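The values are calculated or read from the model by the stated rules, or taken from the named source; none is laboratory data. Given the structure is predicted, the values throughout are model-derived calculations rather than measurements. Because the Cβ atoms are built from the backbone with ideal geometry, glycine has one as well, and the counts that use them run over all protein chains shown. For the accessible areas, the whole protein counts, side chains as well, though only heavy atoms, and no ligand, DNA or RNA atoms are used. Shrake-Rupley method; radii C 1.70, N 1.55, O 1.52, S 1.80 Å.
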Amino acid sequence: MKSALLVPAAGLGLRLGWDGPKALVDLGGAPMLAVTLSRFAAADLTPPAVVTVPPGQAAGFDRAVSALSPFPCAFVEGGAERQDSVLAGLEALPDFTDLVVIHDAARPLVSPEMVQAVMDAAREHGAATAALPVTDTILQADAEAFLADTPDRSLLWACQTPQAFRLDLILEAHRRARREGWRTTDDATLARRAGHPVKLVRGAQENLKVTTPFDLRLALRLRREEKA
Ligand code: CTP
Ligand code: MG
């Protein structure tokens, strides 16, 4: 079974507020995207990895990252939202791909073991995602910020990446989403909405998504700990 890697990295990082694309922010001596790619060095993946980038930035990303990547990358322009970028990336994958692993550039501290576990689960079930049981009680608000509902915490998991899918399954789900106007911030939700079972694989707190300046501080510290 031929597996490929797709890394959405086309976001602007507005919540981080750094003066450049979030995927290229420094994470202890290397751009975040290069650290993310290095986590996949041991995975059984057929190159090139497809990396989505902001419009007009393919050459800049190539210069900043290719020499540090453990495998060749193809830089593809993404779209306005993550979902648009992922579909562009899926459509750029080589035809022989059976399984695709999708992992956000913004989660640079994923472990190789988690990558393997999600790929194994997707091979068995067709679709799988890393996710973490929530520890906070989650409140659902109404539009005026009054408490509307409190879902049963024991059933709630926070979504992470990696997510992995049979390529035919996730392409079909994304194309249907485009036709029917479904919008989501992850791909497993589209697979589920298209009728496919999705296996949840227990993620890790270390696999945080670098979204805010606080997340970046935390990721830098964790990275320093790893190197120590
Ligand atoms: N992403 C993408 N294309 C987009 C938007 C996001 O490929 N149009 C990618 C980001 O680069 C990131 C991942 O999807 O690796 C998760 O998105 P998020 O954490 O929201 O990053 P940004 O969209 O860059 O940040 P923000 O929402 O704060 O602007
Ligand atoms: Mg975003």
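Is one or more of the residues making up segment 134-141 more than 17 Å from the chain's Cα centre (by Cα), within 17 Å of Pro8 (Cβ to Cβ) and open to solvent by less than 80 Å² (accessible area, probe 1.4 Å)? Break it down into steps so the answer makes sense when it comes.
Restricting attention to segment 134-141, the residues satisfying the condition of being more than 17 Å from the chain's Cα centre (by Cα) are 134-141.
Adding the requirement that they be within 17 Å of Pro8 (Cβ to Cβ) leaves none.
No: zero hits.
Residues considered: Pro31, Pro21, Pro48, Pro8. Of these, the only one that is under 20 Å from Val115 (Cα atoms), within 15 Å of ligand 1 (Cβ to nearest atom), open to solvent by 10 Å² or more (accessible area, probe 1.4 Å) and at pLDDT 95 or above is Pro8.
Could you check, for segment 74-91, whether at least one of its residues is under 18 Å from Leu208 (Cα atoms) and surrounded by 14 or more Cβ atoms within 10 Å (Cβ to Cβ)? Write out each step before concluding.
Start the filter on segment 74-91 by keeping residues that are under 18 Å from Leu208 (Cα atoms), which leaves 82.
After this cut, where a residue has to be surrounded by 14 or more Cβ atoms within 10 Å (Cβ to Cβ) as well, the list is 82.
Yes - at least one qualifying residue is present in segment 74-91.
Inclusion of Leu5 among residues that are of a type in the set (A, V, I, L, M), away from ligand 2 (no atom under 14 Å from the Cβ) and either more than 17 Å from Thr212 (Cα to Cα) or more than 18 Å from the chain's Cα centre (by Cα) (or both) is warranted. Of the residues that sit in segment 195-228 and are free of Cβ contacts under 8 Å to residues at least 24 places away in the same chain and among the hydrophobic types (A, V, I, L, M, F, W, C), which one is farthest from ligand 1 (Cβ to nearest atom)? Looking at the filtered set, the residue picked out is Ala228. When segment 64-85 is filtered for residues that are among the β-branched types (Val, Ile, Thr) and either within 12 Å of ligand 2 (Cβ to nearest atom) or over 20 Å from Gly29 (Cβ atoms) (or both), only Val76 remains.
If the condition is being open to solvent by 10 Å² or more (accessible area, probe 1.4 Å) and closer than 22 Å to Pro21 by Cβ, then segment 94-105 contributes only Asp104. Scanning segment 20-43 for residues that are more than 20 Å from Arg82 (Cα to Cα) and of a type in the set (D, E, K, R) yields Asp26, Arg39. Looking across segment 68-88, the residues that are among the small types (Gly, Ala, Ser) and more than 8 Å from ligand 1 (Cβ to nearest atom) come down to Ser69, Ala74, Ala88.
Can you give me the ranges of the helices (runs of 4 or more DSSP H) entirely in segment 30-131 with at least 1 residues that are out of contact with any strand residue (DSSP E or B) (no Cβ under 7 Å at 6 or more places or on another chain) and acidic (Asp, Glu)?
Numbers: elements: 32-38, 58-65, 82-91, 112-125.
Hits in segment 30-131: 82-91, 112-125.
The condition of being in contact (Cβ under 8 Å) with a residue 12 or more places away in the chain, among the aliphatic types (A, V, I, L, M), open to solvent by 10 Å² or more (accessible area, probe 1.4 Å) and within 16 Å of ligand 1 (Cβ to nearest atom) holds for Ala158.
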